[in-house]
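Below: one structure, written as structure tokens.
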Amino acid sequence: MIAAIALGIAFGWLQAAATSDQPRVSATDTSYLSCTTWTGKGWTAPTARSLRTPLMESPKGFRAYAEVKVLVKGGSCENTTTLYVASGADRAFRIAYAESRGGNGIRLIGWSPTADKLLAEVNLWEYETDRGFVHVPLIYDASTGQAKEILALDQSLSCHFGPNCEFEFEVEGWKTNEQLLTKISRTPVSEEYEQHFCVTKPRVFVFDLQKGTVQADRPDLKKKN
């Protein structure tokens, strides 16, 4: 009972980290799967659970899905996220990526225009701390059979906005086979520390995978008739 109460108190920061109406942690979303969720009045008791994403198949026949498992040990939550891929309809699935640091989850975004690279986003957070969510782009390349975290996106955005700007990014999808679209928005308001915002409304940027640079997205202007 004491462990459950302590865990419920520790989860209070998650409520503040999301919107005021609905915390991000969820019992039905692989992006933020948690052992305990907010009912609107309080936190549920820690419960082990697992959830899979829908199967995502490319025009070239590559298939992929992800699974998030949450265990409860000694009143603490432990997440494991695993990405499974298969090279064809008659091929067995194998593990392409696994994550087990603190709280974690995943969402599959889509295959590239050439249909041989899968884009996903891994979400990380720390249970029982006041740390917010970290979003990490993940690309599985069927030509190499490997999945790689794209850490350069966060680095490029931090360089673009400067050290005194607090923001949050979310991967939107592919722009080209070598470019990603990412949405930048202001982080939720927190009373835990002094915040410095420089993003007042959501903006979309293009990240170049080869150059490791970002620039504001400017849709092509429609031609006049």
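The values are calculated or read from the model by the stated rules, or taken from the named source; none is laboratory data. Keep in mind that this is a model prediction, so the values were computed, not measured. We place every Cβ from the backbone using ideal geometry, glycine too, and count neighbours over all the protein chains shown. Keep in mind that these areas ignore ligands, DNA and RNA; they rest on the heavy atoms of the full protein, side chains included. Shrake-Rupley method; radii C 1.70, N 1.55, O 1.52, S 1.80 Å.
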note = Checked segment 48-187 with the C-alpha gyration tensor, a ≥ b ≥ c its square-rooted eigenvalues, rounded below a/c of 1.5, otherwise prolate if a/b is larger than b/c and oblate if not; verdict oblate
message = With a 1.4 Å probe and all protein chains left in place, how much accessible area per residue does segment 43-94 have, in Å²?
response = 55 Å²
ask   = How do Ile109, Ile95 stack up against each other in accessible area, from largest to smallest, with a 1.4 angstrom probe?
value = Ile95, Ile109
query = Quick one: if the Förster radius is 25 Å, what FRET efficiency do Ala48 and Ala92 give, using the C-beta to C-beta distance and rounding to 0.05?
reply = 0.40
query = Where a ≥ b ≥ c are the square roots of the eigenvalues of the C-alpha gyration tensor, would you call segment 62-112 rounded, which needs a/c under 1.5, or, failing that, prolate if a/b is larger than b/c, or oblate?
reply = prolate
task = For the pairs Lys60/Lys211; Lys41/Lys73; Lys148/Lys211, note any where the Cα-Cα span goes beyond 21 Å.
result = Lys60/Lys211; Lys41/Lys73
Accessible area of Val134 in the full protein assembly, 1.4 Å probe (Å², nearest 10) = 70 Å²
